[in-house]
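Since every read-out is calculated from the coordinates, none of them should be taken as a lab result. The shown structure was predicted, so the numbers you read here are calculated from the model rather than taken from an experiment. Positions of Cβ are backbone-derived with ideal geometry, glycine not excepted, and every protein chain shown enters the neighbour counts.
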Amino acid sequence: MKYLKWGLIVLGLLTLLFFLVFRPYMRDQTKKHSPEKVAAFDQGGFDLTVKYSSPSKKGRKIFGGLVPYDQVWRTGANEPTTFTTGSDIKIGGKTLPSGTYSLWTIPGIDNWTVIFNEDIPDWGVTLLSGGSETARIPEKDVLKVEIPSEETKETIENFTIDFKVEQELYMSIAWEKTNVEIPIKR
């Protein structure tokens, strides 16, 4: 009985140590290599914000290598990327209600599937898989749309999400030599 009591105390202290020291330390370490970024657009009745972590290419092959084709990607590093809209919008002709969503993608050679999911997990991947499986719950997908990708002339060193206005508003996802422009309408 005495050993059980001490065993539970030690287990409790280790758990507390993990959540108060180790987990924040690891989070800080990963953010040094993939800093948090925010892209915002607040014009013409749009109120959009994207929060993401921006890893660097560092000489690696990204799409078709580090980020496999035809598999769900958390779209950035660390925690899942979040997309917030203050009003209902249309993406690829489909309505996305106002709210905050996790943003996932399935990169392909010529097209990407862009997914907005109502669940926002703590981390973008499962720890038991060693980071190879996402923490996305497919049943909570709110919107999925397929978007063509284009090759850029210049290599983009840091993963970037931004908004740009041409004839219409686009959310641009760019890294390595790939750019995906997602049209957004009211």
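When we measure straight from the Cα of Lys164, which lysines land under 19 angstrom away, once same-chain ones fewer than 8 places off are left out?
Lys164 reaches Lys37, Lys51, Lys90, Lys153, Lys177, Lys185.
Summing Lys, Arg as +1 and Asp, Glu as -1, what charge do residues with Cβ under 13 Å from the Cβ of Thr152 carry, Thr152 excluded?
-3
Please report Rg over Rh for the stretch 142-186, where both radii come from the alpha carbon positions and Rh follows the Kirkwood definition.
Rounded to two decimals, Rg over Rh is 0.99.
State the answer as a single residue: which of Gly64, Thr85, Gly99 lies farthest towards the positive end of the charge dipole of the stretch 47-117, with beta carbon charges of +1 for Lys and Arg and -1 for Asp and Glu, about the Cα centre.
So the residue furthest toward the plus end is Gly64.
In whole Hz, with x marking every Gly and Pro, tabulate ³J(HN,Hα) for the stretch 42-57 from phi via Karplus 6.51 cos²θ - 1.76 cosθ + 1.60, θ = phi - 60°.
Taking θ as phi minus 60°, the curve returns 9, 8, x, x, 8, 9, 10, 9, 10, 10, 8, 9, 10, x, 9, 5 Hz for the stretch 42-57.
Per residue and in cubic angstrom, what volume does the convex hull of the Cα atoms of the stretch 34-185 have?
Value for the stretch 34-185: 108 Å³ per residue.
Taking θ = phi - 60°, what integer Hz values does the Karplus form 6.51 cos²θ - 1.76 cosθ + 1.60 yield along the stretch 83-100, in sequence order, with x for Gly and Pro?
Running phi through 6.51 cos²θ - 1.76 cosθ + 1.60 with θ = phi - 60° gives 10, 10, 10, x, 8, 5, 9, 10, 10, x, x, 10, 7, 10, x, 4, x, 10 Hz.
Tell me, what ³J(HN,Hα) does each residue in the stretch 157-168 have, in order and in whole Hz, if you take phi through Karplus 6.51 cos²θ - 1.76 cosθ + 1.60 with θ = phi - 60° and put x for Gly and Pro?
Per residue, the Karplus-derived 3J(HN,Hα) values read 5, 9, 4, 9, 10, 8, 10, 9, 10, 10, 6, 9 Hz.
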